[in-house]
1. Collect the residues in segment 194-218 that are among the β-branched types (Val, Ile, Thr) and either within 15 Å of Ala257 (Cβ to Cβ) or at pLDDT below 95 (or both), keeping them in residue-number order.
2. Restricting attention to segment 44-52, does a residue exist that is part of a helix (DSSP H, G or I), touching a Phe, Trp or Tyr at 6+ places or on another chain (Cβ under 8 Å) and modelled with pLDDT of 95 or more?
3. If a residue must be in a loop (DSSP other than H, G, I, E, B), over 19 Å from the mean Cα position of the chain (by Cα) and closer than 18 Å to Lys27 by Cα, how many such residues does segment 216-255 contain?
4. What residue, of Val159, Val104, Val171, Val137, is assigned to a helix (DSSP H, G or I) and either closer than 24 Å to Val239 by Cβ or touching a Pro at 6+ places or on another chain (Cβ under 6 Å) (or both)?
5. State yes or no: is Val116 touching a residue at least 60 places away in the same chain (Cβ under 8 Å), in contact with a Phe, Trp or Tyr (Cβ under 8 Å, 6 or more places away or on another chain) and crowded, with 16+ Cβ neighbours inside 10 Å?
6. Quick one: is Ile13 modelled with pLDDT of 95 or more and within 16 Å of the chain's Cα centre (by Cα)?
7. Please go through (1) over 12 Å from Pro240 (Cβ atoms); (2) at pLDDT below 95 for Pro4 and return the number of the only condition it doesn't satisfy.
8. Does segment 20-39 hold any residues that are surrounded by 19 or more Cβ atoms within 10 Å (Cβ to Cβ), more than 19 Å from Ala228 (Cα to Cα) and not hydroxyl-bearing (Ser, Thr, Tyr), and which are they?
Amino acid sequence: MKPPAIPITDDHIHIDPVNGRGVEAAKDFRRSGGTHIFLVSKPSWSFGVEPSSGEDYREVFLATLRVADMVRETGLVVYPVLGVHPAEINRLAARMSLEEAAGVMMAGLDLAARYVEGGEAVALKSGRPHYEVPPEVLAASNAILYRALELGADYDCAVQLHAESGPCTDVVDMAGRAGIPVERVVKHFATPDTPLMPSLIARHEDIPALARAGRHFTMESDYMDENARPGAVIGPKSVPRFTHRYLKEGLITEEDAWRIHAATPSRTYGVDITLP
């Protein structure tokens, strides 16, 4: 395979050898020109785990790190992102109090942060439900999100947010109080109006215009790797294919591509994205 002229980075992708295609999906990404991925941990239920304590998330995180090692054998550079999916709060609150559920999720984030401290992960994942929830659930979710931001500040790492569609402007104040730079708070599946660091789905129609304007953002597939939903959200080849299409059609420049796939994620996550 001829090495790509530029790095191609997927900022949010799942690889699941149990419920999906696993390493074969990663190989598709690489064959299409992909070089680097931010491998995001899946919800606990994807692994058959029903947490009752923060320690119960260890199985989820260790499974994600094992997948990272498997994917690295394909020649890809893998950066694990570990955390607790915000939708866990509904499942947990069905069998314990809301306060206890929030405590379990915060403890899970504390555990994830220790993997960042140990150099096994580069960022944390948190957020709040992207669907309507009662006020008390939203308040608890925001407390969990704030804890993730505090951990990001304490451990000097980025935090990826899974949250409602839209700008999430209130998170700017939360980040300021927590002490984490807002440019290290990544809005996964972002819209361009967010003041946070946008990670845009690769097919987003505004990517060329934002690139031409010099906007800092990353690209993602949010590939779920689940056989029950093949190709959702978009396939593992998508980030390389859209990037190469934008380049071929003159919609972005090579300088834009380097900023999207190397400079911006390197600065955001504190890594060094280069070609091998």
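The values are calculated or read from the model by the stated rules, or taken from the named source; none is laboratory data. The shown structure was predicted, so the numbers you read here are calculated from the model rather than taken from an experiment. Cβ atoms come from the backbone with ideal geometry, glycine included; neighbour counts cover every protein chain shown.
1. Correct list: Ile207, Thr218.
2. Yes, some residue in segment 44-52 is part of a helix (DSSP H, G or I), touching a Phe, Trp or Tyr at 6+ places or on another chain (Cβ under 8 Å) and modelled with pLDDT of 95 or more.
3. Going through segment 216-255 one residue at a time, the tally reaches 2.
4. Values: Val159 fails: assigned to a helix (DSSP H, G or I); Val171 fails: either closer than 24 Å to Val239 by Cβ or touching a Pro at 6+ places or on another chain (Cβ under 6 Å) (or both); Val137 fails: either closer than 24 Å to Val239 by Cβ or touching a Pro at 6+ places or on another chain (Cβ under 6 Å) (or both).
Of Val159, Val104, Val171, Val137, the one residue that is assigned to a helix (DSSP H, G or I) and either closer than 24 Å to Val239 by Cβ or touching a Pro at 6+ places or on another chain (Cβ under 6 Å) (or both) is Val104.
5. On the way: touching a residue at least 60 places away in the same chain (Cβ under 8 Å): no; in contact with a Phe, Trp or Tyr (Cβ under 8 Å, 6 or more places away or on another chain): yes; crowded, with 16+ Cβ neighbours inside 10 Å: yes.
No.
6. On the way: modelled with pLDDT of 95 or more: yes; within 16 Å of the chain's Cα centre (by Cα): yes.
Considered against the rule, which asks whether it is modelled with pLDDT of 95 or more and within 16 Å of the chain's Cα centre (by Cα), Ile13 comes out as yes.
7. Every condition holds for Pro4 apart from (1).
8. Those that are surrounded by 19 or more Cβ atoms within 10 Å (Cβ to Cβ), more than 19 Å from Ala228 (Cα to Cα) and not hydroxyl-bearing (Ser, Thr, Tyr): Phe29, Arg30, Gly33, Gly34, His36, Ile37, Phe38, Leu39.
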